[in-house]
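As C-alpha cells, the structure follows; a few thoughts come after it.
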C-alpha cells in the first residue's frame, strides 16, 4: 500500500540578518531518513514522543507538507509526483484523523455543513443523496443525525472527534492516518473512540497508520510497531510480543517508564540542548550502552531477526 | 490522625440561562494530615468545581450547602479578604496548565521570589509587586532547599534555571517550577490539578517523580483521571461522578478491586491487553441540569437495580472504604 | 442576513443605526425637509428664531438649511471614500495573504510606507497639490486609509489559512479557490464590513478637517466647510454657537453612530467577542 524510502523533511530556521550574528541559520531535521512499508489492511503503529517527528511524518505522507528528500509511494505511484485528478483521488483515498478536533472543525459551520464539504469538493451525489450519506455515516460513529444542526462548540470532546472521524469516512477512504486520535480525551471516551476506530477498520477493511505517544494503545491495536526518535525509526517489529523482544535502548527506556521500573535509566532533559547537525546515532547522549562508533556513525536500520529491525550499533 | 481537610455535604450550583447546573451534589471527603488523596473522575464529574470551591474561586457558582473544614476552620463563611490569606498560604495549588501558568515577562527566580514575599509578608497576592531585581541570598537558600526536595541539586544548572524565562524551559521543567512555587509557600495542603496532562512520557515520569518525593512531607490532593498518576502519588483514592464521591478507600484496594460499577468501568477502560476486547460503553456526558432521579449513573449502569432509578444511594462504608451504590446496601450498613 | 438578526439583538448597533438612519433620511430628503433654501441670502448674523432655526451666517444664508443639505456631502464623501479605501485594502490584503512570497513582501512594504506617513499632513499636502473638488477629496483621503484595512484583512487571511479546518479541507482535496470561497471569505466578510464602517467614520473626520482648513470644495458645503466659514468669517469670535456647534455635533454624532455599528459587526466575526458584549 505504502512504500516510504529515505523520507526527509528538514526545516530551515532563518533569522533576520541582524540576529544572524549570534544565531546562525540552522536546520531542524524533523524527519531524517525514514523507510518503511505498510501492507494493505494492516494496522501500522508508530510510537513517538513529542519532537520525534511523527506528526511531520503524518503530514508529509498526506502531502500536507512538502518533502525535502526521499519518496513516498502509494500503490506504486509517487505521491509527490501526482497532480490534478490523480492527486484528488489520492486525497480521497488517504484521509487523516487528527488529534485536536477543536481546530479541525470550523466553529462557524454546523456539523451538517462541515460534513457536506468533502462530498461537495468531489461533487458526489445531489442534495438528497448527500444528506442520506451523512446521516448514515453519523450513525456509524454512534451519533444521531440530529447532530447535523449542532455546532462544534456545543459538542463534547468525544463527540467532536467522532464528527471528525465521520468526515474522514465520508469519502470511503482506503487508508486512515491517525495522529494522536485519542490524546486529550477522558479515558472512557478515548477507549470508546479507539474501539470505534478499530471496528470501522474491520468493517471497511481499512489500512490504518496509528501514530501516538501512548505505548499501551499502539501495542494493543497495531500489527506492527515502529518506534521513532528524533526523526528516525530506531526499531520496527511485530506488535505481538513487542515488549519482550524489543532491543533498542530507547525502546527499552520507553517500556521501562511504562512499567515504572525503578532502575530505568532516568533521562534528564532528554530533548534539550542537543545539536541537530551532529553525526552519529541521535540517541548517543542518553544511551547507557553507547560505543565509540555511536558518536560518529548513525546506525542503519537493519534486520536483527526475521521481521525485526533495529538501528543500533550495540545490538549487532 | 487528625483530618487536615474535611468536606461535608458540599453542594455547588451554577445558574445558567438553561437552568441550574448542579456541579457538586453532596461531596464528602477527608484528607488526613500527612496523607495523599487522589480524586479520579472524568470531565464533568465536578472535580474542578470541588477544587475551586476549596479556594472560594468557584464564581459564578455558589456554594449552596455544606462545610469545608481546614484544620477545623470552616472556609465556607469566610469573606474574600480572609480567603486571600488562605489561598497560597494554607492551601497551595499546582495548576494544570504549565504552559500558561507562569508569567512570561519575569524570570523564574523573580517569580519564585514573589512567592516568598507572599509568605513572609503574610499578605495577599494583591499586595505584592514583583521586583525586577534578582533574588536575594536568603531567597536562594529557600530555592535550593525546595529544589533539592524535587531532586534538583544546587549548582550551575539551578542558577541557570533561576535566570531563565518560562519560554526557555521545557514543559517538564516548568511543571517543576510550578511545584516549587507551591512548596515555597509552605502550605498545609498542596493540591495538584491534573499534573500529568503533559503529553510527553518523559515529562510525565519527571513530574510523578517530583510528586512522589513530596508525598513524604506534605498533605496532598492529586486530581487526575490517569491511573498511573494516582498509583504513583496517592495513599487513598476517591472516585467522583455526577458531582459526588461514589467510591473511596485505600488506593491499592480501590484500584485492584473497585466496587462501584462506574469505578470498574473507568479502571477497566484504561486496560490495553492484546487479544482482549476494549471495554467501551456509550457513556454520554451526564446532564447536570436535568439531573436524573435516583442514582445519576443508573441509565448507563450495567448492574442497575429497579430501585436505582428512584432512590439516590447513600454512602455505605466499611472501616476504610466507602461506596455510594445500592448494590452494596445489604453488605455494609 | 445574519447582520440584521444581530442588529436586532444588539442594542448598541440599534442605537447607532437609528442615528445613522436619521442622518441618511435627512440627506436623501434634504431639499424637501429644509424650511428655507440654503442658497438664498437673508439678513446676516441672525440669531436662531422660528423662521431660521439656527440663524443665518455672514452672508445671510440659513444655517439649518445648510446643515441639512450638508449632510449629503459629508455622508457621501465618507461613504465613497470608504468604498474606495476598503476595496483597495481588501484587494491588497487578500492577494498578499493568499499568495505570500515576494508579492506579499512587496505589497506589505508599500502598505507600511503609507501607514508610517502621518495621515493628515499627507492628505493636506496632496490636497493642496491636487486642488479642491469632491472627487479629489475622495481620492486623496482614500489614499491614506486603505493600508490599515489591507493589514487587517491580510492577518485574517493568514490566520484562517493556517487554521486546522482549512488544512483539513486541503486533506479532503480542496483547491485554493475552494478554500478561498468557502473558508476564507466568510471569515473575512464581517471584518470587511466592520472596517468599512470605521473607514467611513475616519473619512468623514478627515474630510471635515480638510474642509475646515479650507482645502475642501467650496461649492460642496459639507459640515466641515460650514465650520471653516464659521471660523473664517467671524462666527467663533462673535460666539455664534448656533453656527459652529451644530456642524461639529453632527460630525461627532455620525462618527459615534458608526463606531457603535462597527462594534457589533466586529463581534459578529468573533464569537468570543460576541459573548463578552452580550454580557
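The values are calculated or read from the model by the stated rules, or taken from the named source; none is laboratory data. Note that the structure is predicted; figures quoted are calculated from it, not measured. Backbone-built Cβ (ideal geometry, glycine too); neighbour counts: all protein chains shown.
This table checks each residue for (1) at the interface with another protein chain (Cβ under 10 Å from one of its Cβ atoms); (2) surrounded by fewer than 18 Cβ atoms within 10 Å (Cβ to Cβ); (3) modelled with pLDDT of 90 or more.
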residue: A:223; (1), (2), (3): no, yes, yes
residue: A:228; (1), (2), (3): no, no, yes
residue: A:237; (1), (2), (3): no, no, yes
residue: A:241; (1), (2), (3): yes, yes, no
residue: A:244; (1), (2), (3): no, yes, no
residue: A:251; (1), (2), (3): no, no, no
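Among the residues of the range A:124-143, how many are more than 29 Å from the chain's Cα centre (by Cα) and assigned to a loop (DSSP other than H, G, I, E, B)?
Result for the range A:124-143: 2.
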Can you tell me which residues in the range A:31-56 are assigned to a helix (DSSP H, G or I), over 16 Å from residue A:217 (Cβ atoms) and within 14 Å of chain B (Cβ to nearest Cβ)? A:55
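One line per residue, one yes/no per condition, for (1) surrounded by 22 or more Cβ atoms within 10 Å (Cβ to Cβ); (2) closer than 19 Å to residue A:198 by Cβ:
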{"site": "A:129", "(1), (2)": "no, no"}
{"site": "A:136", "(1), (2)": "no, no"}
{"site": "A:142", "(1), (2)": "no, yes"}
{"site": "A:149", "(1), (2)": "no, no"}
{"site": "A:153", "(1), (2)": "no, no"}
{"site": "A:158", "(1), (2)": "yes, yes"}
{"site": "A:165", "(1), (2)": "yes, yes"}
{"site": "A:172", "(1), (2)": "no, yes"}
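Here's the yes/no breakdown for (1) within 14 Å of chain A (Cβ to nearest Cβ); (2) touching a residue at least 24 places away in the same chain (Cβ under 8 Å); (3) surrounded by fewer than 16 Cβ atoms within 10 Å (Cβ to Cβ):
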position	(1), (2), (3)
B:16	yes, yes, yes
B:24	no, yes, no
B:36	no, yes, no
B:64	no, yes, yes
B:72	no, no, yes
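Could you list all residues from the range B:63-89 that are in contact with a strand residue (DSSP E or B) (Cβ under 6 Å, 6 or more places away or on another chain) and either part of a loop (DSSP other than H, G, I, E, B) or modelled with pLDDT under 80 (or both)? Give the steps one after another, and end with the answer.
Taking the range B:63-89 first, the residues in contact with a strand residue (DSSP E or B) (Cβ under 6 Å, 6 or more places away or on another chain) are B:63-70, B:74-76.
The answer is B:75, B:76.
Answer with yes or no whether residue B:186 is surrounded by 15 or more Cβ atoms within 10 Å (Cβ to Cβ) and on the phi > 0 side of the Ramachandran plot.
On the way: surrounded by 15 or more Cβ atoms within 10 Å (Cβ to Cβ): yes; on the phi > 0 side of the Ramachandran plot: yes.
Yes; evaluated as a whole, the condition is true for this residue.
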Taking helices (runs of 4 or more DSSP H) that fall entirely within the range B:220-285, which contain at least 1 residues that are within 20 Å of residue B:25 (Cα to Cα), out of contact with any helix residue (DSSP H, G or I) (no Cβ under 8 Å at 6 or more places or on another chain) and modelled with pLDDT of 85 or more? B:261-269
Within the range B:38-62, restricting attention to residues that are within 14 Å of chain A (Cβ to nearest Cβ) and part of a loop (DSSP other than H, G, I, E, B), which residue is surrounded by the fewest Cβ atoms within 10 Å (Cβ to Cβ)? B:43
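So is residue C:85 within 25 Å of the chain's Cα centre (by Cα), within 29 Å of residue C:162 (Cβ to Cβ) and in contact (Cβ under 8 Å) with a residue 40 or more places away in the chain or not? Outline the logic, then answer.
Values: within 25 Å of the chain's Cα centre (by Cα): yes; within 29 Å of residue C:162 (Cβ to Cβ): yes; in contact (Cβ under 8 Å) with a residue 40 or more places away in the chain: yes.
For residue C:85, the condition - within 25 Å of the chain's Cα centre (by Cα), within 29 Å of residue C:162 (Cβ to Cβ) and in contact (Cβ under 8 Å) with a residue 40 or more places away in the chain - is met.
If I ask for residues that are within 12 Å of the chain's Cα centre (by Cα) and buried (at least 21 other Cβ atoms within 10 Å of the Cβ), which ones from the range C:62-82 would you list?
Once the filter is applied, which keeps residues that are within 12 Å of the chain's Cα centre (by Cα) and buried (at least 21 other Cβ atoms within 10 Å of the Cβ), the range C:62-82 yields C:74, C:75, C:77, C:78, C:81, C:82.
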Check residue A:302 against each of (1) at pLDDT 75 or above; (2) surrounded by 15 or more Cβ atoms within 10 Å (Cβ to Cβ) and name the one condition it does not meet. (2)
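Based on what the data block shows, is residue A:96 under 13 Å from the mean Cα position of the chain (by Cα) and over 30 Å from residue A:299 (Cβ atoms)? Full working, then the answer.
Working: under 13 Å from the mean Cα position of the chain (by Cα): yes; over 30 Å from residue A:299 (Cβ atoms): yes.
Against the criterion (under 13 Å from the mean Cα position of the chain (by Cα) and over 30 Å from residue A:299 (Cβ atoms)), residue A:96 qualifies.
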Unique match (being buried (at least 21 other Cβ atoms within 10 Å of the Cβ) and touching a strand residue (DSSP E or B) at 6+ places or on another chain (Cβ under 6 Å)) among C:171, C:230, C:208, C:203: C:171
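Mind listing whichever residues of the range A:36-50 are buried (at least 20 other Cβ atoms within 10 Å of the Cβ) and out of contact with any strand residue (DSSP E or B) (no Cβ under 6 Å at 6 or more places or on another chain)?
Of the residues in the range A:36-50, the ones buried (at least 20 other Cβ atoms within 10 Å of the Cβ) are A:38, A:43-49.
Matches in the range A:36-50: A:49 only.
Name the residues in the range B:305-319 that are touching a helix residue (DSSP H, G or I) at 6+ places or on another chain (Cβ under 8 Å) and in a loop (DSSP other than H, G, I, E, B), would you?
B:305, B:311, B:313
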Residues to consider are B:214, B:208; find the one that is within 11 Å of chain A (Cβ to nearest Cβ), assigned to a helix (DSSP H, G or I) and under 16 Å from residue B:37 (Cα atoms). B:208
Examine the range C:194-215 for a residue that is touching a helix residue (DSSP H, G or I) at 6+ places or on another chain (Cβ under 6 Å), more than 14 Å from every other protein chain (Cβ to nearest Cβ) and outside any helix (DSSP H, G or I), and state whether such a residue exists. yes
Matching residues in the range A:67-123 (within 9 Å of chain C (Cβ to nearest Cβ) and part of a helix (DSSP H, G or I)) number 15
Which condition number in (1) surrounded by fewer than 23 Cβ atoms within 10 Å (Cβ to Cβ); (2) modelled with pLDDT of 85 or more; (3) farther than 30 Å from residue A:116 by Cα is the one that residue C:214 fails? (2)
Which of the residues belonging to the range C:118-157 are in contact (Cβ under 8 Å) with a residue 40 or more places away in the chain, in a helix (DSSP H, G or I) and surrounded by fewer than 17 Cβ atoms within 10 Å (Cβ to Cβ)? C:120, C:128, C:139, C:155
Residue B:182 vs. criteria assigned to a helix (DSSP H, G or I), at pLDDT below 85 and away from every other protein chain (no Cβ under 14 Å): yes
